[in-house]
Structure formats: structure tokens, C-alpha cells
1. List the residue pairs whose Cβ atoms are under 6 Å apart, where the first residue sits in the stretch 236-251 and is within 19 Å of residue 67 (Cα to Cα) and charged (D, E, K, R), the second is at pLDDT 80 or above and open to solvent by less than 90 Å² (accessible area, probe 1.4 Å), and the two are 6 or more positions apart or on different chains.
2. Determine if the stretch 335-356 includes at least one residue that is within 16 Å of residue 206 (Cβ to Cβ), under 17 Å from the mean Cα position of the chain (by Cα) and open to solvent by less than 50 Å² (accessible area, probe 1.4 Å).
3. Restricting to the stretch 207-229, name every residue that is in a strand (DSSP E or B) and of a type in the set (Val, Ile, Thr).
4. Quick one: would you say residue 152 is modelled with pLDDT of 95 or more, open to solvent by 10 Å² or more (accessible area, probe 1.4 Å) and part of a strand (DSSP E or B)?
5. Between residues in the stretch 267-293 that are at positive phi and residues that are open to solvent by less than 10 Å² (accessible area, probe 1.4 Å) and of a type in the set (Phe, Trp, Tyr), which pairs lie under 8 Å by C-beta distance while being six or more apart or on different chains?
6. Among the candidates 32, 81, 12, which residue alone is more than 27 Å from residue 266 (Cα to Cα), hydroxyl-bearing (Ser, Thr, Tyr) and at pLDDT 95 or above?
7. Could you say whether any residue in the stretch 231-251 is aliphatic (A, V, I, L, M), open to solvent by 30 Å² or more (accessible area, probe 1.4 Å), at pLDDT 85 or above and in contact with a helix residue (DSSP H, G or I) (Cβ under 7 Å, 6 or more places away or on another chain)?
Amino acid sequence: MSLSLTSKLVHSFAILISLIFISPAQAEVTISVVADGLDNPRGLNFSSDGSLYVTESGVGGDGRCIPGPSLQGLSSCVGNSGAVTKIKDGKQERILSELPSIALRPTGTTAAGPQDIVFDAYNNPYLLIGYGGNPETRDFPEGAPSWGQLYQVDLLTGNLKSLADLAKYELDNNADGEDTLDVSGEVASNPYAFTIKGHTAYIVDAAANDLLNVSLNGGSLGVLSVLPTQTVKDPVFPIPTPGQVLPPEAPPPGQTPAEIEIQSVPTGVTVGPDDALYVSEYTGFPFPVGKARVMRVTADGKTTVYAEGFTQISDLEFDRQGNLYVLQYANQPQWTGSVDGALIQVAPDGMRTKLVSGNGLESPTALTIGRDGAIYISNKGDRPQEGQVLRVTK
């Protein structure tokens, strides 16, 4: 997946920006910036004391490089610039650092590394480190955390305890039946987001196209659902310009097929009001407009389409009233260069309201809902030093 998706000083500041946006459905929202200067921000969640934690996938580094997801032919290079930042009472502080990171060089964009953080019912934090490549690619100090794993984390000491090696599981099992290796010869696994229900973590792997579960008490790791592919008719592919390197899935110019099958590429998972799991999909290349879906997965793994007609969904979440919030990474295919994203509310009766589209919402990668009912979004999640956390209120 080509999500793809700053200083180490402690920042102290008040809310920076406030603006009003009226959607076509006449929804009025206020957007405030509550944190900035982040490096490729991704998943975010609240602890029981009201602190907001956001993962930063970092900017890569000067370690080993592999071919990267770039139309310009850039490589992705390894470093230890991943981090976790805490936001509380108008202050932001990077509390964990030197975590695995890989990003395009020299831009530091489109990073992978720390992808998500979630707290269980006892306020124990868990950290997911992704990366769509070989987990044995390290270049880190001895004992440092590795790729593609779910960790229990001590936020005071920084100690990480691995609970599940998701990348190795994909290498050994290849649940979706697709090629185990990607075009660069690396393991095709990229654990991207997770949620906790009871004593079980449910994790989506964006490269393996599945939903996995693992007991937080040390139980075995398994696949609950393999997300279905879909057939897209009359697909639209990018036309290469001088210097561009098209992905291997792109047909030669003038040879576009009448239809293609694309993978799901799951990016988010949440528990619904009916206790089922709901999974968002980004869709595979060429990221067709209106083809991203929200899947409903029951306890026995039965998977159905709950809602469709979206584009490149990066995350989803329900509020206490049963409204579903769907976050679009971009409203147009990623390869067009468009960065305008959208936040869409889906009411229990299916009515949709576009709360935000563009207007500063750029390449958003994740969302969560606070006790105050506000929606918090990782914004500009594909770039270094410019990442933000936005607070959206209706």
C-alpha cells in the first residue's frame, strides 16, 4: 500500500487556527489545530486521563534502502525516527522516540513505522509498528523494536513487549493467497491499525488484506476475515510524464483493460454499536473514485458490505449515537497529486453528511472521538514536520 501513510523538543502552545465550514448538507463545523510539527502522524487515541496520544511514522533515515512507492522513482530508507507524542492541556510532548521508521529519501514523506496506539479497558497502552517490507531489515540498536509487530508498551520507561509478530505470520500463512513477496522482493505485510474488544486485539494488515485477532493475554494469532477483492470496470490509470515510474500494476499506455480486480487494502477497524467489527478499505491501485467500502465482520468472520461509494478511506469510528464517521485520505486517486480529504458522517438510517472536504483537511490518516464528542484527526499524515492533529466539532 502506498500510503502510503520535527523537533524532539516539548511544544507548548494554545489552539492555533479556527475556521467554519459549511458542507453541501448545511452542516456547520469548527476546526481547530491542537498539535502540529508532527512527522507523518497516524493513529491516535485517548487514555483514561484525557491525554491524547498520536503515533508518528517518522522520516526514515540513512540505513538500508529499498524501492519506494514513488512515481519519481525514489527509494525508501530505514531509520529510527518513529515516535509517539502526548497532547495534554495545550501542550505536546514526544514521549517515545527512536522507533523504527522507513520513508522516501530525501523527502521524508510516505513513511511507515509506528502506525497506531490503543488503550484497553484498564488503560494499558498497546502500540502497532507496521511497514510493508521484510521485518528482518533492521539497522537499529540491539534490543530495539522490530517491524510488523503489536507491542504492549510502558509509556513511562519506553519498554516494549511483543505480543504478535504479524509480518512473520503473513510470511508463514499468506491468508489471502496473493504473492507473499512484493515487487521489491520483500514480505508483503503492513499492519496498519487495530482496535481492542475485551481482551482481544483486532488488527488490519493493509498489505495482506486481512483482519487478524490475537488475545492480549498471549493467545495465538489468527485470521478472522480475508477482505474481499472487487472488480472495477473501465479503470482509469495515470499517464506517465517524463521521469515518472509507474507501479507494476499499471498497464502500458493505450492498453487499459475493460475491467480489473483490485485488492481491498484495509486501513481501519472499529467496534460498532451492534458489537460487530467494521473495517475501512483504501482499495488497491489505481484507487478508483467511489469504490472504497466499509465492511461489517461478525464474530464468526462473516464479512459483508455495510456502506460503499467512498474513495480511499483511511479510518472510521462510531460515536455514542451510532453515527459512523468515515475519513477519506483523498477525494481523488492518490496518483493525481490531490491532497484534499473528507470527513463524512453516516447516520444510523444511512443518511450521509459531508462535514469537511478540503479546506485544510489534507491527506488525513486517522481519527478518534473524544469524551467531549469532538472528532480528532491526524492531518497531513503523509509528510514530515507539517503533520497536525485537528479537532472538529459540530
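1. 249/285
2. No; the residues of the stretch 335-356 include none that is within 16 Å of residue 206 (Cβ to Cβ), under 17 Å from the mean Cα position of the chain (by Cα) and open to solvent by less than 50 Å² (accessible area, probe 1.4 Å).
3. 214, 223, 226, listed by residue number.
4. Answer is yes for this residue.
5. The qualifying pairs are 290/310.
6. Exactly one residue qualifies, and that residue is 32.
7. The answer is no, given that none of the residues of the stretch 231-251 is aliphatic (A, V, I, L, M), open to solvent by 30 Å² or more (accessible area, probe 1.4 Å), at pLDDT 85 or above and in contact with a helix residue (DSSP H, G or I) (Cβ under 7 Å, 6 or more places away or on another chain).
The rows are residues; the columns are (1) surrounded by fewer than 24 Cβ atoms within 10 Å (Cβ to Cβ); (2) modelled with pLDDT under 95; (3) on the phi > 0 side of the Ramachandran plot; (4) part of a loop (DSSP other than H, G, I, E, B).
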| site | (1), (2), (3), (4) |
| --- | --- |
| 132 | no, yes, no, yes |
| 141 | yes, yes, no, yes |
| 156 | yes, yes, no, yes |
| 177 | yes, yes, yes, yes |
| 185 | yes, yes, yes, yes |
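The values are calculated or read from the model by the stated rules, or taken from the named source; none is laboratory data. Remember, it's a predicted structure, so these values are computed and weren't measured experimentally. In this analysis, Cβ positions are derived from the backbone assuming ideal geometry, glycine residues included, and neighbour counts consider all displayed protein chains. Accessible surface areas use protein heavy atoms only, side chains included; no ligands, DNA or RNA. Shrake-Rupley method; radii C 1.70, N 1.55, O 1.52, S 1.80 Å.
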